[in-house]
1. Taking H as built 1.01 Å from N, whose amide H comes closer than 5 Å to the amide H of CYS112, not counting residues under 5 places away?
2. Given a cut-off of under 8 Å on Cα pairs at least six residues apart, what relative contact order in percent is computed for region 35-96?
3. Gain in length, LYS30 to ASP85, computed as 0.36 nm per residue apart minus the alpha-carbon separation, to one decimal in nm?
4. Are there GluC sites (Glu not before Pro) in region 51-128 that DSSP puts in a loop and that have at most 14 other Cβ atoms within 10 Å, and which ones?
5. For region 64-69, just list the computed ³J(HN,Hα) in residue order, Karplus coefficients 6.51, -1.76 and 1.60, θ = phi - 60°, integers in Hz, with x standing in for Gly and Pro.
6. List the chymotrypsin sites (Phe, Trp or Tyr not before Pro) within region 77-128 that DSSP assigns to loop and that have no more than 12 neighbouring Cβ atoms inside 10 Å.
7. Would you pull out the residues with amide H under 5 Å of TYR88's amide H, same chain only if 5 or more places away, H placed 1.01 Å from N?
8. What's the extension gain from THR67 to THR93 if we count 0.36 nm per residue and subtract their Cα-Cα distance?
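None of the figures in this text is laboratory data; all of them are computed from the coordinates on show. Only a predicted model underlies this, so the values are computations on that prediction, with no experimental measurement involved. With ideal geometry, Cβ positions are generated from the backbone for all residues, glycine too; neighbour counts draw on all protein chains shown.
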Amino acid sequence: KKVGIIMCGINGIISKKNNKKEIIKKMNDKILSLVSLATKARKTLCGEPLVESGLKEGKVWLTIVATDASLRTMRRITGISQSHDVKYLVYSTKDLLGRFTGHENIAVCGICDKGFADAILKSSDINS
């Protein structure tokens with residue numbers, strides 16, 4: 001039997017069909033690594049309903065919306081974030097955001113810790 005090559009990185013198991021540059025880029029992505037760390041520390045809310053309620057309760061410091069999220073979701077979450085003076089970041093894809101949070105296809109993720117939120121914003125070079 002032939003066994004395929006499987007590489008294991010920060011974001012889990014990556015099949016051999018991905019090219020090497022893409023794998024290295026994913027493994028070195030500091031923002032997604034910080035999201036993963038925040039998830040392990042139980043400082044994230046994943047999914048539109050949870051993030052929305054967290055924003056309304058004042059628990060969320062930063063909102064991350066996937067670039068391939070639906071227009072309705074993007075408008076809704078960014079609008080609620082702006083109305084509650086919470087910064088938001090449109091970043092990554094639903095698949096990658098899901099992998100780094102331990103879920104499948106997450107369009108929205110809320111960071112509930114100020115330290116993690118500041119570190120992610122610093123990594124993304126957003127100063128405003």
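1. Answer set, sorted by chain and number: THR44, LEU45, TRP61.
2. Values: 58 pairs, mean separation 21.8, N = 62.
35 percent.
3. Values: separation 55, 0.36 × 55 = 19.80 nm, distance 2.45 nm.
Roughly 17.3 nm would be gained on extension.
4. On the way: sites: GLU52, GLU57, GLU104; in loops: GLU104.
Sparse-neighbourhood loop GluC sites (Glu not before Pro): GLU104.
5. Rounded to whole hertz, the list is 10, 10, 5, 5, 9, 5.
6. Working: sites: TYR88, TYR91, PHE100, PHE116; in loops: TYR91.
Nothing satisfies the criteria.
7. Amide H neighbours of TYR88, under 5 Å, 5+ apart: THR63.
8. Numbers: separation 26, 0.36 × 26 = 9.36 nm, distance 0.55 nm.
Residue separation times 0.36 nm, minus the Cα-Cα distance, leaves 8.8 nm.
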